[in-house]
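Notes follow once the structure below has been shown.
The values are calculated or read from the model by the stated rules, or taken from the named source; none is laboratory data. Quick caveat, the model's predicted, so the values are computed rather than measured. Cβ coordinates were reconstructed from backbone atoms using ideal geometry, including for glycine residues, and neighbour counts include every protein chain displayed.
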Amino acid sequence: MIQKIINIPRIYKQIILAVIDSIVILSSIIASFSLRLGEFYSPEGELLYALLVAPILGIGVFYKFGLYKNLTRFIDLKITYTILKAVALYAVFWTLIAVMFEPIGIPRSILIINISLLFILTVVIRLSIRKLLHLFANRDSKLNISKKSKRILIYGADEVGIAFVELINKWSKYKVIGFIDTNKDLYGSYIKGLKVISPGEIDTQSRETIIDEIYISAKLSTLEKTSLFEEIKTQNIAIKVMPNIFEIIEEGINLSDTNKFTGEDLLGREVIKPKKELLSKNIFNKVVCVTGAGGSIGSEICRQVANLGPKRILLVDISEVSLYKIDQELRSRDYNIEIIIPLLGDTSDKVFLKQLFKTYKIDTIYHAAAYKHVPLVESNPLQGFKNNFYGTLNLANKAVQHNVETFVMISTDKAVRPTNIMGASKRISELALISISNSSKKTKFSIVRFGNVLNSSGSVIPLFKKQIKNGGPITVTDKNMIRYFMVTSEAVELVIQAGAMTNDIATYFLDMGKPVKIYELAKKMVALSGLSLKNSNNLNGDIEIIFTGLRPGEKLFEELSLSDSYQKTQHPLIMKANEEEITYEQFNLLEKDISNSLGEIAKLKKILRSSYINYN
């Protein structure tokens, strides 16, 4: 029944309310006179005409103050101030009109009595209608609850959470059973007839009543989201982000679509704000060259560089498609398109590099170009090694020749005691920069190591998302595999800041927080996608996780430094590694052996195992 009333066109609801207000307005006038005179008053004579004008005048004033725009079932006590102003204005106008008809028969106290009575009646009528609608709505929702109805908890007993409950009660397939909040003063209290519990009571609540989903506010901090996930991770309760209230009202968004989650939610830690002076040091009013500009890291470097006032940005990439995408993205923004220069080229190509440095006076280089997919490089070891190593070596030599101020190389945790060709190629690239820096008088070299970035190409995150979208299963190589993860934007901010710290060669590694078990990450993605895990304890779950075994070149865990010894820097998430260096002469001998072995992978691997690379 209540749903039929709610679904009545708004114009009809406004007419009904206006009729009720008309009756209240007339009643308040008669009651005012009766109270003042001490007996029942029946209007007569000229004053009868003033009485007939009252509803027309009152409805007009009420409409002007927006009292018919608010949905009665959503109003609260805040509207009482608006009602008071509307009633007072109406009463003054009506009294003036009444005096015109009956100048002698209107006591002055009638105005005050009329305002008081009409204000009280108008407020009581509206709040009573709201209360009745809520009571019927709760009764109807209880009658409509079926076995298929989803029982949900709302995280946040605030105005947003309460408004969300008001709206969600329209869907019979959803049943709100309570609020979760961290405010201890609210524990055990009831809001809208729903009990408020602490996050620690979710387990108890789920034993009493099955909980299918928990809706959280988008404003919830990462630490609060992580704490919530830890409370429910074994209970197969879906976590969803509460949608925008206005989107639901205006666009009719289905709650089943609300399964958004962010990289920060997966990491379980807060992102530290960057130091602005370090961000702009090597970029503002400088010519900046970004290699691998179309890749996951390179494109994010381009975005951040473009925001820091460079003189020019040289976008270098070997892939036409990737280069086109980042070029068009930057040009579609409000940047000066004249500073954006896309360049198709390979950093291992000396002819290309000669033309690049001859044409542009480069101040800063961010070298992100590399083949980084471990299985692909393992399948194509010679091409992968040559691209990564000689791409870095040739670019660094040219940078020194042309007095580039800053050269920052993006490295990887896989370069530490590498077990695959990709990692070995990055480690020897690090050694190349260390040796070249010894012959450089102007160019300052920085090497920045970090682990996986969320949503980058090759990361497990996009793969898991795709597998979840397809209904599973999720493929994990090993239950004990551990990796470091970081949000792409944060990683790039730290890379830029690290590059601005050194006055000489330095190898930095980023504090990426606690290493993450890939298996646990997969489980968290299932929960945050609004689905349940299918396993021996829950055979009717949505998504299954299967284990495929380690691939060639993979290891269970990664490291960020060759030594436990490191130095702190001015940024709490950037550490300077203390590692053994290689001389220019030692590197030249190593490079000569590598050059002679590039036609035969077995020979190359033998050299890498017997060198400073610690390749296993």
**the stretch 327-386, residues that are over 14 Å from residue 294 (Cα atoms) and among the small types (Gly, Ala, Ser)** = 332, 348, 379, 384
**Residue that is assigned by TED's automatic domain parsing to the domain that holds residue 240, assigned to a helix (DSSP H, G or I) and of a type in the set (A, V, I, L, M, F, W, C), where the choices are 202, 177** = 202
**Request:** Please find, within the stretch 55-94, the residue that is modelled with the lowest pLDDT out of those that are closer than 19 Å to residue 16 by Cα and among the hydroxyl-bearing types (Ser, Thr, Tyr).
**Result:** 72
**Message:** Among (1) assigned to a helix (DSSP H, G or I); (2) of a type in the set (A, V, I, L, M); (3) without any contact (Cβ under 8 Å) to a residue 60 or more places away in the chain, there is one condition residue 393 misses while meeting the rest; what is its number?
**Reply:** (3)
**Residue list for the stretch 593-616, restricted to those being touching a helix residue (DSSP H, G or I) at 6+ places or on another chain (Cβ under 6 Å) and of a type in the set (Gly, Ala, Ser)** = 597, 611
**Request:** For residue 363, state whether it is in contact with a Lys or Arg (Cβ under 7 Å, 6 or more places away or on another chain), surrounded by 15 or more Cβ atoms within 10 Å (Cβ to Cβ) and among the acidic types (Asp, Glu).
**Result:** yes
**Message:** Looking at (1) under 25 Å from residue 574 (Cα atoms); (2) surrounded by fewer than 18 Cβ atoms within 10 Å (Cβ to Cβ); (3) touching a Leu at 6+ places or on another chain (Cβ under 9 Å), which one does residue 382 not meet, given that it meets all the others?
**Reply:** (1)
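So that you can scan it fast, the table gives a plain yes or no per residue for (1) at positive phi; (2) crowded, with 18+ Cβ neighbours inside 10 Å; (3) in contact (Cβ under 8 Å) with a residue 60 or more places away in the chain; (4) small (Gly, Ala, Ser):
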{"site": "439", "(1), (2), (3), (4)": "no, no, yes, yes"}
{"site": "445", "(1), (2), (3), (4)": "no, yes, yes, no"}
{"site": "469", "(1), (2), (3), (4)": "no, no, no, no"}
{"site": "481", "(1), (2), (3), (4)": "no, yes, yes, no"}
{"site": "484", "(1), (2), (3), (4)": "no, yes, yes, no"}
{"site": "498", "(1), (2), (3), (4)": "no, yes, yes, yes"}
{"site": "504", "(1), (2), (3), (4)": "no, no, yes, no"}
{"site": "520", "(1), (2), (3), (4)": "no, no, no, no"}
{"site": "535", "(1), (2), (3), (4)": "no, no, no, no"}
**Message:** Against the condition over 25 Å from residue 411 (Cβ atoms) and either touching a Cys at 6+ places or on another chain (Cβ under 6 Å) or at pLDDT 90 or above (or both), how does residue 350 come out, does it pass?
**Reply:** no
**Asked** Here are some residues: 126, 139, 151. Which one is at pLDDT 65 or above and more than 28 Å from residue 198 (Cβ to Cβ)?
**Response** 126
**Request:** Kindly check whether there is at least one residue in the stretch 213-226 that is at pLDDT 80 or above and farther than 19 Å from residue 532 by Cα.
**Result:** no
**Within the stretch 278-312, considering residues that are charged (D, E, K, R), part of a helix (DSSP H, G or I) and more than 20 Å from residue 511 (Cβ to Cβ), the one modelled with the lowest pLDDT** = 281
**Message:** When you scan the stretch 405-412, do you find a residue that is small (Gly, Ala, Ser) and either crowded, with 19+ Cβ neighbours inside 10 Å or in contact (Cβ under 8 Å) with a residue 60 or more places away in the chain (or both), even just one?
**Reply:** yes
**Hits in the stretch 331-375 - residues which are in contact (Cβ under 8 Å) with a residue 60 or more places away in the chain and outside any loop (DSSP other than H, G, I, E, B)** = 356, 364, 365, 366, 367, 374, 375
**Prompt:** Which of the strands (runs of 3 or more DSSP E) contained wholly in the stretch 509-616 include at least 2 residues that are more than 25 Å from residue 379 (Cβ to Cβ) and modelled with pLDDT under 85?
**Reply:** 566-568, 574-577
**Request:** Can you give me the number of residues within the stretch 268-319 that are under 14 Å from residue 341 (Cβ atoms) and surrounded by fewer than 17 Cβ atoms within 10 Å (Cβ to Cβ)?
**Result:** 1
**Message:** Of the conditions (1) aliphatic (A, V, I, L, M); (2) outside any helix (DSSP H, G or I); (3) modelled with pLDDT under 75, residue 133 satisfies every one except a single condition; which number is it?
**Reply:** (2)
**Asked** In this structure, does residue 265 turn out to be of a type in the set (Asp, Glu), modelled with pLDDT of 75 or more and either touching a helix residue (DSSP H, G or I) at 6+ places or on another chain (Cβ under 8 Å) or part of a loop (DSSP other than H, G, I, E, B) (or both)?
**Response** no
